[in-house]
Amino acid sequence: MTTSRTQWDDLAICLNSPESCMFSFLKSDPTKKLRKQHAALLEQAMHAQRGGDIRTYSKLSTEAEEVYKRIQEMEAAEKKE
């Protein structure tokens, strides 16, 4: 049975820094909560638009854009690490 190179690479990473991979399965995605919030805001905005409440639609859409920008910033910071 042969082991792929990626498995050996993962093993080397864990051996070099065990604290980073020891409990990695317990770490949650930091953007998960923001993604749920973003989806909820977009849905609320859609219902407001369909109901004819354009002001609320605009407000909720702006909030959704701000949350999306935060998600992008967090993902960019994650990639730098």
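How much net charge surrounds Tyr57 when only other residues with a Cβ under 13 Å from its Cβ are counted (Lys, Arg +1; Asp, Glu -1)? Counting the neighbours of Tyr57, the net charge comes to -1. So, counting K/R as plus one and D/E as minus one, what does the shell of residues with Cβ under 12 Å around Glu73 add up to? After counting each charged neighbour, the total is +1.
Each Lys or Arg adds one and each Asp or Glu subtracts one; over the other residues with Cβ under 12 Å from the Cβ of Ala45, this totals -1.
The residues Ser28, Ser58, sorted by heavy-atom accessible surface at 1.4 Å with ligands and nucleic acids left out, run Ser28, Ser58 from largest to smallest. With θ taken as phi - 60° and the Karplus curve 6.51 cos²θ - 1.76 cosθ + 1.60 applied, the whole-hertz 3J(HN,Hα) list for segment 62-79 is 5, 4, 5, 5, 5, 5, 5, 5, 4, 4, 4, 5, 5, 5, 5, 5, 5, 5 Hz, x standing for glycine and proline.
The values are calculated or read from the model by the stated rules, or taken from the named source; none is laboratory data. Given the structure is predicted, the values throughout are model-derived calculations rather than measurements. Positions of Cβ are backbone-derived with ideal geometry, glycine not excepted, and every protein chain shown enters the neighbour counts. Side chains are part of the model used for accessible areas, which takes the heavy atoms of the whole protein and leaves out ligands, DNA and RNA. Shrake-Rupley method; radii C 1.70, N 1.55, O 1.52, S 1.80 Å.
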